[in-house]
């Protein structure tokens, strides 16, 4: 699992992987990283080299991976809130379990095809780290959990932003700023 900071460094350097799982509660940072991935990818044409998947059409994921992106080198697929990574309760949904297994096996067997023609990004609210699909993505791609930031981390980020704009601010003012923003 990659830390948020390391993922941001990797994206800032312009390095784009082929398989991502981004999940967690810190939506601002998660969406920022997703936006950076989209910007690094370049021009997107919906339906041609840019596909969005959700819980209503996640069974079409493999077909979308296999369909060539006409006129483009690669295709960006963003699978958002598919439910594929949620922890299963006592009563398993057989259809979803089979789909998870099918996607996991497909990734394992066709990772070379994926690396050649697709950038696949899963964006989820939560992910069960014990399931097979999670482990497959961790093995062949990048997983990153976006936890809520601690005040120290927020102060560090705010300082970096202030420095970028050449604004001097001390820690106590930043702490006060964070306190006001939370209320």
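The values are calculated or read from the model by the stated rules, or taken from the named source; none is laboratory data. Keep in mind that this is a model prediction, so the values were computed, not measured. Please note: Cβ atoms are built from the backbone with ideal geometry, for glycine as well, and neighbour counts cover all protein chains shown.
Of the helices (runs of 4 or more DSSP H) entirely within region 55-142, those holding at least 2 residues that are under 18 Å from the mean Cα position of the chain (by Cα), exposed (fewer than 14 other Cβ atoms within 10 Å of the Cβ) and in the same structural domain as residue 30 (by TED's automatic domain parsing) occupy 132-140. Residue 128 meets the conditions (1) within 18 Å of residue 55 (Cα to Cα); (2) in contact with a strand residue (DSSP E or B) (Cβ under 7 Å, 6 or more places away or on another chain) in every case but one. The failed one is (2).
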